[in-house]
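Peer 1: After the C-alpha coordinates below, expect a handful of questions from me.
The values are calculated or read from the model by the stated rules, or taken from the named source; none is laboratory data. Model, not experiment: these values are computed from the prediction. Backbone-built Cβ (ideal geometry, glycine too); neighbour counts: all protein chains shown. Calculation scope for accessible area: heavy atoms of the full protein, side chains included, ligands and nucleic acids excluded. Shrake-Rupley method; radii C 1.70, N 1.55, O 1.52, S 1.80 Å.
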Amino acid sequence: MPEALGTGNDAAGGGAGEPTTASLARWSLLPVAAGPVLGTVWWLAAPGGRLYGEGSNYRTWDERDLVFAALGAVAGVVLAVLLSLSRRRPGLPARGLAALAGSVGGSALMWGTGLLLGRIGGARGVDPRLAESAFGLQSLSAVAVWPAIAALTVLALTTLWWVPPRGPGGDPAEGPEDDDGSSGARGQGAAA
(Lines give C-alpha, C1' and ligand atoms only; values in the text may rest on other atoms or scores of the structure.)
Protein backbone atom coordinates (compact mmCIF):
# COMPACT_ATOMS: atom_id res chain seq x y z
CA MET A 1 0.00 0.00 0.00
CA PRO A 2 2.84 2.51 0.65
CA GLU A 3 3.85 2.10 -2.98
CA ALA A 4 0.43 3.44 -3.99
CA LEU A 5 1.08 6.53 -1.89
CA GLY A 6 4.40 6.99 -3.61
CA THR A 7 7.80 6.72 -2.07
CA GLY A 8 9.37 8.95 -4.65
CA ASN A 9 12.39 6.73 -5.21
CA ASP A 10 12.07 6.71 -8.96
CA ALA A 11 14.53 7.89 -11.56
CA ALA A 12 12.81 11.27 -11.82
CA GLY A 13 13.69 12.03 -8.17
CA GLY A 14 16.10 14.72 -7.09
CA GLY A 15 19.12 12.94 -5.59
CA ALA A 16 19.84 9.26 -5.31
CA GLY A 17 17.07 7.83 -3.20
CA GLU A 18 15.66 11.21 -2.25
CA PRO A 19 11.86 11.51 -2.32
CA THR A 20 10.39 13.60 -5.11
CA THR A 21 8.30 16.68 -4.56
CA ALA A 22 5.24 14.74 -5.73
CA SER A 23 5.91 12.07 -3.10
CA LEU A 24 6.26 14.64 -0.34
CA ALA A 25 3.08 16.33 -1.52
CA ARG A 26 1.22 13.01 -1.37
CA TRP A 27 2.46 12.31 2.16
CA SER A 28 1.43 15.77 3.34
CA LEU A 29 -1.92 15.82 1.51
CA LEU A 30 -3.05 12.36 2.69
CA PRO A 31 -3.65 13.48 6.29
CA VAL A 32 -5.04 16.84 5.14
CA ALA A 33 -7.63 14.99 3.02
CA ALA A 34 -8.50 12.73 5.96
CA GLY A 35 -9.16 15.71 8.24
CA PRO A 36 -12.63 16.66 6.93
CA VAL A 37 -13.68 13.01 6.85
CA LEU A 38 -12.67 12.54 10.48
CA GLY A 39 -14.30 15.86 11.39
CA THR A 40 -17.57 14.57 9.98
CA VAL A 41 -17.19 11.32 11.93
CA TRP A 42 -16.47 13.35 15.08
CA TRP A 43 -19.60 15.45 14.59
CA LEU A 44 -21.70 12.33 14.06
CA ALA A 45 -20.18 10.18 16.82
CA ALA A 46 -19.51 12.63 19.65
CA PRO A 47 -22.04 13.31 22.40
CA GLY A 48 -23.91 16.51 21.66
CA GLY A 49 -23.24 16.10 17.95
CA ARG A 50 -25.79 15.11 15.37
CA LEU A 51 -26.80 11.64 16.53
CA TYR A 52 -27.04 11.51 20.32
CA GLY A 53 -26.39 13.27 23.61
CA GLU A 54 -27.28 16.72 24.83
CA GLY A 55 -24.89 19.64 24.38
CA SER A 56 -26.22 21.34 27.49
CA ASN A 57 -25.23 18.36 29.66
CA TYR A 58 -21.80 19.30 30.99
CA ARG A 59 -20.97 15.64 31.69
CA THR A 60 -20.72 14.97 27.96
CA TRP A 61 -18.27 17.77 27.17
CA ASP A 62 -15.23 15.70 28.16
CA GLU A 63 -16.52 12.74 26.17
CA ARG A 64 -16.82 14.97 23.09
CA ASP A 65 -13.13 15.89 23.46
CA LEU A 66 -12.18 12.27 24.05
CA VAL A 67 -13.89 11.16 20.83
CA PHE A 68 -11.93 13.83 18.96
CA ALA A 69 -8.66 12.74 20.60
CA ALA A 70 -9.35 9.05 19.93
CA LEU A 71 -10.04 9.69 16.25
CA GLY A 72 -6.82 11.72 16.05
CA ALA A 73 -4.86 8.97 17.80
CA VAL A 74 -6.15 6.31 15.39
CA ALA A 75 -5.32 8.55 12.42
CA GLY A 76 -1.81 9.15 13.80
CA VAL A 77 -1.12 5.45 14.27
CA VAL A 78 -2.43 4.55 10.80
CA LEU A 79 -0.30 7.28 9.22
CA ALA A 80 2.79 6.18 11.15
CA VAL A 81 2.32 2.53 10.20
CA LEU A 82 1.98 3.49 6.53
CA LEU A 83 5.16 5.53 6.78
CA SER A 84 7.06 2.85 8.65
CA LEU A 85 6.20 0.17 6.10
CA SER A 86 8.63 1.93 3.77
CA ARG A 87 11.32 2.09 6.47
CA ARG A 88 14.12 0.61 4.37
CA ARG A 89 13.76 3.12 1.59
CA PRO A 90 15.80 6.29 1.65
CA GLY A 91 14.02 9.55 2.35
CA LEU A 92 12.01 8.42 5.39
CA PRO A 93 12.88 11.55 7.41
CA ALA A 94 11.63 13.85 4.64
CA ARG A 95 8.45 11.83 4.18
CA GLY A 96 7.95 11.73 7.95
CA LEU A 97 8.22 15.50 8.21
CA ALA A 98 5.82 15.94 5.30
CA ALA A 99 3.32 13.59 6.96
CA LEU A 100 3.78 15.39 10.29
CA ALA A 101 3.04 18.75 8.65
CA GLY A 102 0.04 17.19 6.93
CA SER A 103 -1.24 15.77 10.21
CA VAL A 104 -1.13 19.24 11.77
CA GLY A 105 -3.26 20.51 8.89
CA GLY A 106 -5.50 17.44 9.00
CA SER A 107 -6.13 17.86 12.71
CA ALA A 108 -7.00 21.55 12.25
CA LEU A 109 -9.34 20.66 9.37
CA MET A 110 -10.90 17.91 11.46
CA TRP A 111 -11.66 20.44 14.20
CA GLY A 112 -12.90 23.07 11.76
CA THR A 113 -15.11 20.61 9.88
CA GLY A 114 -16.74 19.42 13.08
CA LEU A 115 -17.36 22.99 14.23
CA LEU A 116 -18.77 24.00 10.86
CA LEU A 117 -21.08 20.97 10.70
CA GLY A 118 -22.18 21.67 14.28
CA ARG A 119 -23.20 25.19 13.30
CA ILE A 120 -24.71 24.39 9.90
CA GLY A 121 -26.20 20.96 10.53
CA GLY A 122 -27.05 21.59 14.13
CA ALA A 123 -26.18 19.84 17.33
CA ARG A 124 -28.39 18.16 19.89
CA GLY A 125 -29.45 19.96 23.05
CA VAL A 126 -27.74 23.30 22.57
CA ASP A 127 -28.65 25.83 25.25
CA PRO A 128 -28.15 29.40 23.97
CA ARG A 129 -27.43 30.57 27.53
CA LEU A 130 -24.39 28.25 27.71
CA ALA A 131 -21.70 29.01 25.17
CA GLU A 132 -19.99 25.71 26.01
CA SER A 133 -23.05 23.73 24.95
CA ALA A 134 -22.40 24.49 21.28
CA PHE A 135 -20.59 21.67 19.49
CA GLY A 136 -16.84 22.11 19.81
CA LEU A 137 -13.77 21.30 21.86
CA GLN A 138 -13.38 22.33 25.49
CA SER A 139 -9.75 21.17 25.52
CA LEU A 140 -7.89 22.60 22.54
CA SER A 141 -4.89 20.40 23.33
CA ALA A 142 -6.84 17.54 21.73
CA VAL A 143 -5.92 19.11 18.36
CA ALA A 144 -2.28 18.17 19.04
CA VAL A 145 -3.00 14.48 19.62
CA TRP A 146 -2.90 13.43 15.95
CA PRO A 147 0.52 14.99 15.12
CA ALA A 148 2.00 13.88 18.46
CA ILE A 149 0.86 10.27 18.10
CA ALA A 150 2.05 10.19 14.49
CA ALA A 151 5.50 11.48 15.46
CA LEU A 152 5.90 9.17 18.46
CA THR A 153 4.67 6.10 16.58
CA VAL A 154 7.00 6.76 13.64
CA LEU A 155 9.87 7.11 16.12
CA ALA A 156 8.94 3.88 17.92
CA LEU A 157 8.38 1.80 14.79
CA THR A 158 11.49 3.11 13.10
CA THR A 159 13.52 2.30 16.20
CA LEU A 160 12.07 -1.21 16.42
CA TRP A 161 12.52 -1.98 12.72
CA TRP A 162 15.81 -0.16 12.17
CA VAL A 163 18.22 -1.95 9.86
CA PRO A 164 21.85 -0.75 9.85
CA PRO A 165 22.99 0.77 6.58
CA ARG A 166 24.97 -1.51 4.31
CA GLY A 167 28.36 -0.72 2.85
CA PRO A 168 29.23 -1.14 -0.82
CA GLY A 169 29.99 -4.86 -0.38
CA GLY A 170 26.78 -5.64 1.47
CA ASP A 171 28.56 -5.58 4.84
CA PRO A 172 27.45 -3.21 7.57
CA ALA A 173 28.87 0.25 6.97
CA GLU A 174 32.21 1.02 8.56
CA GLY A 175 32.17 2.98 11.79
CA PRO A 176 33.80 6.36 12.21
CA GLU A 177 37.55 6.46 11.86
CA ASP A 178 39.83 7.10 14.80
CA ASP A 179 42.40 9.87 14.81
CA ASP A 180 45.08 7.50 13.52
CA GLY A 181 43.00 6.56 10.44
CA SER A 182 41.95 3.12 11.64
CA SER A 183 38.30 2.12 11.43
CA GLY A 184 37.77 2.11 15.14
CA ALA A 185 38.26 -1.63 15.69
CA ARG A 186 40.65 -1.56 18.68
CA GLY A 187 42.33 -4.73 19.71
CA GLN A 188 41.88 -6.38 16.32
CA GLY A 189 44.76 -7.08 13.98
CA ALA A 190 48.32 -5.90 14.64
CA ALA A 191 48.97 -3.84 17.73
CA ALA A 192 50.20 -0.30 17.09
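Peer 1: Do we find that Ala33 is modelled with pLDDT of 90 or more, open to solvent by less than 40 Å² (accessible area, probe 1.4 Å), within 15 Å of Pro147 (Cα to Cα) and out of contact with any strand residue (DSSP E or B) (no Cβ under 7 Å at 6 or more places or on another chain) in this structure?
Peer 2: no
Peer 1: Among the numbered conditions (1) open to solvent by 40 Å² or more (accessible area, probe 1.4 Å); (2) over 15 Å from Val154 (Cβ atoms); (3) part of a helix (DSSP H, G or I), tell me where Arg64 comes up short.
Peer 2: (1)
For (1) closer than 17 Å to Ala150 by Cβ; (2) in contact with a Phe, Trp or Tyr (Cβ under 8 Å, 6 or more places away or on another chain); (3) modelled with pLDDT of 95 or more; (4) of a type in the set (Lys, Arg), each residue gets a yes or a no:
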residue: Leu24; (1), (2), (3), (4): yes, no, no, no
residue: Ala46; (1), (2), (3), (4): no, yes, no, no
residue: Val67; (1), (2), (3), (4): no, yes, no, no
residue: Ala94; (1), (2), (3), (4): yes, no, no, no
residue: Ala99; (1), (2), (3), (4): yes, yes, no, no
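Peer 1: Taking the residues in the stretch 67-84 that are among the β-branched types (Val, Ile, Thr) and touching a Ser or Thr at 6+ places or on another chain (Cβ under 8 Å) as candidates, determine which candidate is surrounded by the most Cβ atoms within 10 Å (Cβ to Cβ). Steps first, answer last, please.
Peer 2: First pass over the stretch 67-84, keeping only residues among the β-branched types (Val, Ile, Thr): 67, 74, 77-78, 81.
The next check asks that each one be touching a Ser or Thr at 6+ places or on another chain (Cβ under 8 Å); those that pass are 77, 81.
Numbers: Val77: 17, Val81: 15.
For the stretch 67-84, the residue satisfying everything is Val77.
Peer 1: Please enumerate the residues belonging to the stretch 128-178 that are at pLDDT 80 or above, in a helix (DSSP H, G or I) and of a type outside the set (Gly, Ala, Ser).
Peer 2: Leu140, Val143, Val145, Trp146, Pro147, Ile149, Leu152, Thr153, Val154, Leu155
Peer 1: Okay, moving on. Look at Ala123 and say whether it is among the aliphatic types (A, V, I, L, M), at pLDDT below 70 and open to solvent by less than 40 Å² (accessible area, probe 1.4 Å). So that I can check it myself, show each step before the final result.
Peer 2: Working: among the aliphatic types (A, V, I, L, M): yes; at pLDDT below 70: yes; open to solvent by less than 40 Å² (accessible area, probe 1.4 Å): yes.
In short, yes.
Peer 1: Could you run through the stretch 38-61 and say how many residues are part of a helix (DSSP H, G or I) and farther than 17 Å from Leu115 by Cβ?
Peer 2: Filtering the stretch 38-61 down to residues part of a helix (DSSP H, G or I) leaves 38-45, 58-61.
Checking which are farther than 17 Å from Leu115 by Cβ leaves us with 58-59.
Number satisfying all stated conditions: 2.
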